[in-house]
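Shown next, in structure tokens, is the structure this report addresses.
The values are calculated or read from the model by the stated rules, or taken from the named source; none is laboratory data. None of the values given here were measured: they were computed from a predicted structure. No Cβ is skipped: glycine too gets one built from the backbone with ideal geometry, and neighbour counts run over all protein chains shown. Remember, those area values only see protein heavy atoms, side chains included, never the ligands or the DNA or RNA. Shrake-Rupley method; radii C 1.70, N 1.55, O 1.52, S 1.80 Å.
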2 protein chains.
Amino acid sequence: MNICLIGAGNLATHLGRALHEAGHCICQVYSRTSASAEILAPKLNSQPICQLSALRNDADIYIVALKDDVLHQILPQLCRHRSTQLFVHTAGSIPMDVFRQFTQTYGVIYPLQTFSKQRAVSFRHIPCLIEGNSKTVCNVLNTLCRSISDDVREVSSADRKYIHLAAVFGCNFTNLCYTLAAEILKRRKLPFELLLPLIDETAAKLHTMTPAAAQTGPAVRFDEHVMNRQLELLGNDDCLKDIYKMLSRQIHCLSTRP
Amino acid sequence: MNICLIGAGNLATHLGRALHEAGHCICQVYSRTSASAEILAPKLNSQPICQLSALRNDADIYIVALKDDVLHQILPQLCRHRSTQLFVHTAGSIPMDVFRQFTQTYGVIYPLQTFSKQRAVSFRHIPCLIEGNSKTVCNVLNTLCRSISDDVREVSSADRKYIHLAAVFGCNFTNLCYTLAAEILKRRKLPFELLLPLIDETAAKLHTMTPAAAQTGPAVRFDEHVMNRQLELLGNDDCLKDIYKMLSRQIHCLSTRP
């Protein structure tokens, strides 16, 4: 397919690369600041643009991968004179119908993954959650996504926003916990890599157990001695203490729930 | 070595199994309730006991893997008439010197991992943090632990408690985040396995990036629209809302820190 990529951030970079490697043509890469598009476009054998006036009107699909509030701002101009073309966005928490007043055929491709530009990922095992405003659009998106992933699923806007919320807990908040662990070790000049086998196993357990069954540590044992001593170790860091208390309380609540 | 294992919980089960497989003799397994010892002992070709009066006096090492407050209670009786034997505990947050008034040779073996009885783990890559009250004890523990792990390190009590604290963040709190994600999906009848590639990648990133650099999501972008809509999705669940707000704020704080 001939694809225009609107955005050049983490997600656009990885999705663009996967589509390019699957043999699709990424005709243009748009970013508001020309720098991002100019870094990404050459990797995709594509043309960088930073003005929407330079955007082609004849692409088979326009994939919009922008920060949510920017997406809302840009839509009217983006869809003008292209209201018969296919548009999709890639945002977990934005309903598909955001396109409705601007174009006739539209949908969503939401790859459920955490993307950082500097880290390569294989798209093959990434769930691609798709939605289309017609059966035809769903079929097109299904074919497109199957060219990059083995796990393509139709998911409604209503479900997708809850999946996005769960992803914030399972990925973003999890990564914050890693960051806080790293901070604690750094203050003592201890190496973070010590924790890697533990972190790997904590994630790996979920392939064979529920997270509730996998819970270990002082909070689930309600070992108050340990918890109080650990709070003391956090010293004057009230933010970390509040987080420690709140998360420990929640672990204990869940473990005693009937 | 001839080993008496005091405790039959998650850690005792896995450490006992690794030592047994490395060719050591686990002479006895003690647990307060006979049930746990009777399940574990046969797997280790060992004798289950539930009375300390039945504990042998001639083992080369007594490995105490008990809940922290139970350890404190049991020590006087455990060490009586065995004050020349080698004792170690396995707790992250208890100083080595807890043994000082009861025995002459003592130390710590702290395997930095999350253990659940029903899940097999390979000890080879688990960091075993050891400490001894003499060079001789350190050497004995080093030799013993090298028979089960490739990563044996001497770590002081002062450092070990911070490593344990970091492990609570990196493992226990992380697993809570998984549990809350699972809860959100379950309420919508959506399958948890959807999140597994995301969870795996979030952990895997740490092998090539710092967690601070790996952070993604609405909080680090400070995408208030998304955060407010996600809070709405949590409805009346004030606990989850408080956790969402506190962790998002912390992500934002850390990302804007100079």
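If Lys and Arg each add +1 and Asp and Glu each add -1, what is the summed charge of the other residues whose beta carbon sits under 12 Å from the beta carbon of A:Gln47?
0
Which value does Rg/Rh take for segment B:118-177 over its C-alpha atoms, Rh per Kirkwood?
With Rh from the inverse mean 1/r over Cα pairs, Rg/Rh is 1.05.
Hey, what angle do you get for helix B:238-256 against the long axis of chain B, alpha-carbon based, 0 to 90 degrees rounded to 10?
Once rounded, the angle reads 90 degrees.
What's the center-to-center distance, using Cα atoms, between segment A:22-46 and segment B:30-100 in Å?
Their Cα centres are 64 Å away from one another.
Compute the helix-to-body angle for B:34-43: its Cα long axis versus the longest principal axis of chain B, expressed 0 to 90° and rounded to tens.
80 degrees
What nm distances, shortest first, do you get from the label point of B:His81 to those in the other copies when the point sits 7 angstrom along Cα to Cβ?
So the label point of B:His81 gives 9.6 nm to the other copies.
So with the 1.4 Å probe, I'd like the accessible area per residue for segment A:118-193, rounded to whole Å².
Computed with neighbouring chains in place, this is 39 Å² per residue.
Between B:Asn2 and A:His125, with labels modelled 7 Å along Cα→Cβ, what's the label distance in nm to one decimal, could you check?
Taking the simple label geometry, B:Asn2 and A:His125 are separated by 4.7 nm.
How would B:Ile39, B:Ile243 rank on accessible area, largest to smallest, probe 1.4 Å?
B:Ile39, B:Ile243
Given a 10 angstrom Cα cut-off, can you work out which residue in A:Cys177, A:Cys50, A:Cys25 is the most mobile in a GNM of chain A?
Answer for the Gaussian network model of chain A: A:Cys177.
Please give the Cα centre distance for segment B:105-168 versus segment A:198-217, rounded to the nearest Å.
About 20 Å separates the Cα centre of segment B:105-168 from the one of segment A:198-217.
With a sphere of radius 10 Å drawn around the Cβ of B:Pro127, what net charge do the other residues whose Cβ falls strictly inside it have (Lys, Arg +1; Asp, Glu -1)?
Net charge in that neighbourhood comes out at -2.
Counting only residues 5 or more places away or on other chains, whose amide H sits under 5 Å from the amide H of B:Thr105 once H atoms are built in the peptide plane?
Hits under the 5 Å cutoff: B:Phe87.
Would you work out what percent of the accessible area of chain B, with all protein chains in place, is carbon or sulfur (probe 1.4 Å)?
So the carbon and sulfur contribution to the accessible surface is 49 percent.
Using the 4.7 Å Cβ rule, please list in number order the cysteines from chain A without any candidate partner.
A:Cys4, A:Cys25, A:Cys27, A:Cys50, A:Cys79, A:Cys138, A:Cys171, A:Cys177, A:Cys239, A:Cys253, each lacking another Cys Cβ under 4.7 Å.
Please list the radius of gyration and Dmax for chain A, considering alpha-carbon atoms only, with Å as the unit.
When restricted to the Cα atoms of chain A, Rg and Dmax are 22.1, 67 Å.
Round to the nearest 10 and give me the degree value, 0 to 90, for the angle of helix B:10-21's Cα axis relative to the longest principal axis of chain B.
Helix B:10-21 sits roughly 60 degrees off the main axis of chain B.
Hey, which aspartates and glutamates would be in cross-link range of A:Lys161, C-alpha to C-alpha under 12 Å, not counting anything within fewer than 8 residues on its own chain?
Cross-link targets: B:Glu232.
Where does chain A land at 222 nm, in deg cm²/dmol rounded to the nearest 500, when only DSSP H runs of n ≥ 4 count, each adding -39500 (n - 2.57), divided by all residues?
Calculated at 222 nm, the ellipticity per residue is -13500 deg cm²/dmol.
Given charges of +1 on the Cβ of Lys and Arg and -1 on the Cβ of Asp and Glu, with all other atoms neutral, how large is the dipole of chain B about its Cα centre, in debye to the nearest 20?
160 debye
Suppose you put the label 7 Å out from Cα in the Cβ direction; list, shortest first and in nm with one decimal, how far A:Lys245 is from each other copy's label.
Relative to the other copies, A:Lys245 has label-point distances of 1.5 nm.
I want the local charge near A:Ala18. Using Cβ-Cβ distances under 15 Å, sum +1 for each Lys or Arg and -1 for each Asp or Glu among the other residues.
Net local charge, A:Ala18 excluded: +2.
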